[in-house]
Amino acid sequence: MCHSRDVYIFLEMYMFFVSVHDASVVLGIQDHRLPYVQQGMDLLKARGYHPIVRNSGGLAVVLDEGVLNISIVLSEQTEALSINDGYDVMVALVKGLFPEVADQIEAYEIVGSYCPGSYDLSIAGKKFAGISQRRLRQGVAVQIYLCIEGSGSDRAALIRDFYEESLRGAETKFTYPNIVPEVMASLSELIDASLTVEAVVIRLQQLLHNMAEEIRVESFHDEELTLYAFYLQRVLERNSKMLEPN
């Protein structure tokens, strides 16, 4: 699912991982419990998107060639980090990437968006990114998806239709979001129509160069590719069991 553009960027005590994915919809644990999830996944496949379930919280998000994913691994070897610390680091990074609108970027839950959370990033009420984090041994991994190109409302409409097809009016204990496509947009719609994923990656590299005298950019090593293949197979096997028809 990942392109060859995936890279690691090392900067002092931080490690950045940048990736772009093929057309996929990543479901959360709650999503696979939808009463008609098979029919919902059939809808996604019919529209050219590959559904997969992650083994963490959150709800469905769209990943495609217009969406840039950035992960920051923060070390806790010298100091423990609070939950807000990780989120705040990512918010600061995004504001640094887009200084022309930094004072307009806000972090609060955008009701009506997909995978809503208290650290949704928006401009003028239009969500363009979502942040999550996961605790690691002696560290924290903070992830963000940035909708750079394309239509944010079209992506939201896809998730709206997925939930409608997967629920079919049934009542559930868990409350799934009521998607309002108009509250989501891409950064190319909000800032500059010519903005691309590649341009933002260049911005990221330039920003990191300004933060430190030296950074290292690397692709996967052979050992890492082997591990990646191993864990990818585990994900596929887990998905097969979780999503098999009842």
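Details
- Rel. contact order, % - alpha carbon contacts under 8 angstrom, at least six apart, the chain: 23 percent
- Candidates Ala60, Ala170, Gln206 compared by Cα position along the dipole of the chain: farthest toward the positive end lies Ala170, with charges placed on Cβ.
- Take every DSSP beta bridge whose two residues both sit in the chain; close to 90 percent of them are antiparallel.
- Qualifying chymotrypsin sites (Phe, Trp or Tyr not before Pro) in the stretch 139-246, DSSP loop, other Cβ atoms within 10 Å at most 11: Phe174
- Estimated translational diffusion coefficient (Stokes-Einstein, Kirkwood radius over Cα pairs, 25 °C, 0.890 mPa s) of the stretch 7-243: 131 µm² per second.
- Helix 83-97 vs. the chain, principal-axis angle (Cα, 0 to 90°, nearest 10): 70 degrees
- DSSP-assigned coil residues among GluC sites (Glu not before Pro) in the stretch 137-174, each with at most 12 further Cβ atoms within 10 Å: Glu171
- Equivalent-ellipsoid semi-axes of the stretch 66-165, from the Cα gyration tensor, Å, largest first: 26, 16, 12
- Rounded to the nearest 20, the size of the Cβ-charge dipole of the chain about its Cα centre is 820 debye, with Lys and Arg at +1 and Asp and Glu at -1.
No lab work stands behind these numbers, since they all come straight from the coordinates. Source: prediction; values computed, not measured. Using ideal geometry, Cβ is built from the backbone for each residue, glycine included, and neighbour counts are taken over all protein chains shown.
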